[in-house]
Amino acid sequence: MKTGIITVIAVVVFGKMAVGQFYERTGKNFGMYFSAQPLSIMKQSRDPLALTTINGSAGFVSMISRGIYPTVGYTYSHQLKAGIRNTSFPLAQSHMVDASILFNKRLVKLMNKRINGVCHYVSLGLILAPEYHYMFGTRENPNESFGEVGGQIGLSLYHHYSSASKRARSKTRQYDLFYRQGFTPIFAQTIGGVQQKFHRQEIGIRVRLIHHEVYDFLK
């Protein structure tokens, strides 16, 4: 038994040395995220509960430590025609800048399987993120809010290739399903001496694509 284990280890080690390449990550990384929020509500407290907008976001993400991802990005919001009857929100289209620190805790391994000669590792995780968003107003409808302080919570799927190759070591992908809640108004304006404050709630999906810098450990 011991002889077999030693043989396997020797084959692996000397095989890698023969190839002359064994890639490790340097810790430097850079990525992008893309998300869609098809279930979004932007309303005052007195407005009826109904879907009002559909949003899409894109931005930059980096992993500064295991499970910690700061992000900065942009969101485009489009008001649904059906939602116009259910809210007094004045902007048919709006633009936002976004910033957050996303915490991603892996909970359970779902798959560790060899497919077409490559081992795929997939795990389920929990995400939690404090966020800040600022919506730009217009000349006719300036935004009096200092911005939305909010948070998101959800689940993530983490996927990477379990391989020593450069391509496998340099890429990771995460897929998120999240719920977002704004604690301060995303938009506010004063009409007739009365300030209107709009809060946001939404459900979205997101993909995070991260490229890691790698080096050849055997050189």
Problem set entry | Failed condition for R206, given (1) in contact with a Ser or Thr (Cβ under 6 Å, 6 or more places away or on another chain); (2) among the basic types (K, R); (3) modelled with pLDDT under 85; (4) crowded, with 20+ Cβ neighbours inside 10 Å | (3)
Seminar exercise, completed: Expected single match for at pLDDT below 90, in contact with a strand residue (DSSP E or B) (Cβ under 9 Å, 6 or more places away or on another chain) and either part of a loop (DSSP other than H, G, I, E, B) or of a type outside the set (S, T, Y) (or both) among A188, A168 is A168
For this session: Quickly run through segment 32-58 and pick out the residues that are more than 16 Å from G182 (Cβ to Cβ), modelled with pLDDT of 90 or more and surrounded by fewer than 19 Cβ atoms within 10 Å (Cβ to Cβ).
Result: M32, F34, A36, P38, I54, G56, A58
Exercise. Hey, any hits in segment 171-184 for a residue that's more than 20 Å from the chain's Cα centre (by Cα) and either surrounded by 13 or more Cβ atoms within 10 Å (Cβ to Cβ) or at pLDDT below 90 (or both)?
Worked result: yes
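The values are calculated or read from the model by the stated rules, or taken from the named source; none is laboratory data. From a predicted model like this one, the values you see are computed outputs, not experimental measurements. Don't worry about glycine lacking a Cβ; one is built from the backbone with ideal geometry, like all the others, and counts go over all protein chains shown.
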